[in-house]
Every structure is written in structure tokens, then in C-alpha cells.
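J.: Following this message is one structure expressed as C-alpha cells.
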Amino acid sequence: MQYLDQLFGFPIPLFFKNLIIGFIAVFLGILIRFIIHKTFILLSRWWDFIIIKSTVKHLKRPIAFFIPLLFLNFSLTLMEMPPAYRLPISKALEIALTIIFALILVRAINVLEDYFYLKYDLNKENNLKERKIRTQLQFVRKFIVSLIILVTIAIILLSFESMRKIGAGLLTGVGIGGIIIGFAAQKSLGNLLAGFQIAFTQPIRIDDVLIVEGEWGKVEEITLTYVVVNIWDQRRLILPITYFIEKPFQNWTRVSADLLGTVFLYLDYTIPIEPMRQELTRLLNENPLWDKRVNVVQVTDSIKDGTIEVRFLMSASNSSRAFDLRCYVREAMIAFIQKNYPDSLPKKRLELRDKFARL
């Protein structure tokens, strides 16, 4: 870089020479970053592809810092400075590049996640396959992100000589320390292994409908250590992930999103069953919530208090529709019985005996 030693015949101080080299390196980095960004913007306009748009969205900022810092790091070899200054600056740049590169890896995972989320959309009627894929993706993404963070922290710490010495000293007590850590982390490791088991054997999936702890809700989130169930009234039930390995629960959408809805009415023995079958058929045919698979009316029990149990069975394409359809049928059938067969509503019978009958 002898041509930078003088400017208009005057010698340039070493500090300004290094500053010029650094400025040129950063400017080239910004210029290349600008060219890459504009290229992706043009591609996103010409080619409507989710990966290009997601790349611009997620990687715009980390790339904006990474490329200039990378060129600045390369320019250190051209700068003339004493080791007392060079080493701290070089170390700071290495740490910054390591952190930003880790952020780029995390954002790249977000790009792939956007692609798979678009490809496997949950807003389908029968979304069993989509829920399977999303459950695995969500767990794998969180595991890989956690792994990237841990490896990044390890790389930064091991780049310091003092930290390497501390690590070497700790190795002498690894036997006892390993036993202590093993006992301390037993529950955490159990949660992690349970998370892997749930992600790939899938007793539950994202958007599954569950009855758990006496509550009805949908699986909203599966993390490395716990599961969030969105209860019907918008409360969140948070359970350790091992719960779904160790305890029984109901999964209404384990095989498919289709559900059978039931309505039970308790009526007098005098109620005619056939008119109720006809009325249920009429109600279901008029309601778009019904998927036209199941339409059944049955007397399923006779109660000792003088009533019978009548079950109305119907089907819907998902749990939300099944719930709304059950409520609709229950209200409409009660109104039908009140209007046409009011005497067949449940009665309390009381037998009166005349105490003078013997006289």
C-alpha cells in the first residue's frame, strides 16, 4: 500500500492511513451488500417465490452488518499497527462476525420455516399431514436454534486464552462434576428426550384437539420443555412435555380432523322417536356445518327416574364445526319437542293414595 504513504507529496500519518483502508473496506462491503439486496428485490418482483421474499425479510439486516465487517476484518492484514492495538481490534471483529453469522443461521432457519409453513397450510379441512409436519418442524427448529446459540457461546469463550485455562482446570474435576450435573439435569434431559419422542411419534401435534386435565382445547405450541394448550375460553394451560408421555389424555384429532358430535336429551317414555329422526335429518341438511357422513338418532339408555336417554349423532369436518353443530342441534331439537310434543318433556311423577280408600 505504498501509494497511500503520501498524498499530494505530503506523508500520511499511520493512523489516517489505517483509517482510509478501513473506510474503503467498509464502503466496498456496503456496496456489495447493496448490490445483493437490490438483486433479491428484483428477483422477488419477477419471480413470486416465498424463499426469495422471506430471504429479503429475514436476512436483510444481518447481511447488512456481516459483509462490511467481513471486509473490515480482511483489511486488517493491510493495516500497519502495533500488536497492542491489532489484537483487541481483531478479537472484537471475530466475536462480532461469529455472533452475526450465528444470527444469519437462525434467520436462514426462519426462511425455511416460512417455506414449509406456506407449503403445509393448517387452514385446510383435513390437515392431518400439515399438523404432523409442523409439529416436527417446530421442535427441530427450536432444538437447532438452541444448539446454534450454545455453540456460538462456546466458540466465543474458547477464543479467550483465560477461558481455555479455566476449561482445562475444570476437566480435572469432571468426574465429580459430571455426576452432580447429571443429577441436576436429569429432569431437563428427560424433558428434552420426551420432546424428541413427541416430535416423531406424535401422540400430539400442533392444532390437535385435546381433553386434558378436564379442559377442552387445542395444542397451540410445543417447546423443548412444555406444551401450551389453548383452552376454549382463551385461557392457556401450560403442561410439562413429559405429561403427554406419562399420563393419559384424550386426543380428538389423532387420526384425522373429522369428528363425531353427540347431543344427549333426556325425555319422557311417551316421546315418538321417528319424528325426531326426520327432524334431525332436516336440520342437518339445512346446516352447512354438517359434512353429510353421519346422521343417527338412538335411544341409548332408560333412566330409573322415568326418562329415556336419546342420543343424536352427527359429523363435522373439524372440532370447531362439530361443537357449533352440536349446539345448533341441541337448541333446535329442544324447540321442536317443546312445540310438537310438550307432554313428552321430562316429568316428575308423584303417586297420591287416598288414605280413605279402605273405608
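The values are calculated or read from the model by the stated rules, or taken from the named source; none is laboratory data. Predicted model only: the values in this text are computed from it and were never measured. With ideal geometry, Cβ positions are generated from the backbone for all residues, glycine too; neighbour counts draw on all protein chains shown. Accessible surface is based on the protein model in full, side chains and every heavy atom, while ligands, DNA and RNA are left aside. Shrake-Rupley method; radii C 1.70, N 1.55, O 1.52, S 1.80 Å.
J.: Keeping all protein chains in position, work out how much accessible area T225 exposes to a 1.4 Å probe, and write it in Å² to the nearest 10.
T.: So the heavy atoms of T225 present about 60 Å² to solvent.
J.: Another one. Using r as the Cβ-Cβ distance of Y266 and N230, and R0 as 41 Å, what FRET efficiency do you calculate, to the nearest 0.05?
T.: Values: r = 32 Å, r/R0 = 0.78.
For Y266 and N230, the calculated efficiency is 0.80.
J.: With a 1.4 Å probe and every protein chain left in place, work out the accessible area per residue of region 259-341 in Å², rounded to a whole number. List each step's numbers first, then the result.
T.: Values: 4280 Å² over 83 residues.
So region 259-341 comes to 52 Å² accessible per residue, rounded to a whole number.
J.: In addition: Skipping prolines and chain starts, which residues have an amide H placed within reach, meaning under 5 Å, of the one on V227, given they are 5 or more residues away or on another chain?
T.: L239, I241
J.: Same structure, new question: Testing the spin-label approximation: label points 7 Å from Cα along Cα→Cβ at D324 and K119. State their distance in nm.
T.: Taking the two extended label points, one gets 3.2 nm.
J.: Checking the table K142/K247; K53/K119; K60/K91 against a 21 Å threshold on Cα-Cα, which pairs fail?
T.: Values: K142/K247 24 Å; K53/K119 15 Å; K60/K91 25 Å.
Flagged as over cut-off: K142/K247; K60/K91.
J.: Something else now. Which whole-Hz ³J(HN,Hα) couplings does region 57-73 yield from phi under the Karplus relation 6.51 cos²θ - 1.76 cosθ + 1.60, θ = phi - 60°, glycine and proline marked x?
T.: Karplus values, whole Hz, x for Gly and Pro: 5, 8, 9, 4, 6, x, 5, 4, 8, 5, 5, x, 5, 5, 5, 5, 5.
J.: I'd like the chymotrypsin sites (Phe, Trp or Tyr not before Pro) in region 38-97 restricted to DSSP loop residues with at most 16 other Cβ atoms within 10 Å, sorted by number. Spell out each step's value before the answer.
T.: Numbers: sites: F40, W46, W47, F49, F65, F66, F71, F74, Y85; in loops: W47, F49.
Loop-located and lightly packed - W47, F49.
J.: Given R₀ = 45 Å, what would the calculated FRET efficiency be for E331 paired with I35, taking r from the Cβ atoms and rounding to 0.05? Don't skip to the end; give the middle numbers.
T.: Working: r = 65 Å, r/R0 = 1.44.
E(calc), rounded to 0.05, equals 0.10.
J.: Please give the peptides 230-239, 287-296 ranked by average Cβ packing (other Cβ atoms within 10 Å per residue), highest first, as a rough proxy for protection.
T.: On the way: 230-239: 12.4, 287-296: 14.8.
Highest to lowest by the protection proxy: 287-296, 230-239.
J.: Could you order S315, S159 by accessible surface area, starting with the largest, using a probe radius of 1.4 Å? Spell out each step's value before the answer.
T.: Working: S315 0, S159 35 Å².
These residues rank, largest area first, as S159, S315.
J.: Quick one: putting +1 on the C-beta of Lys and Arg, -1 on the C-beta of Asp and Glu, what dipole do you get for region 208-251 around its Cα centre, in Debye to the nearest 20?
T.: Values: 4 positive and 7 negative charges, 6 e Å.
Value, rounded to 20: 20 debye.
J.: Here's something else I'd like to know. Using a 1.4 Å probe and counting only protein heavy atoms, arrange K304, K119 so the residue with the most accessible area comes first.
T.: Values: K304 205, K119 110 Å².
Largest to smallest exposure gives the sequence K304, K119.
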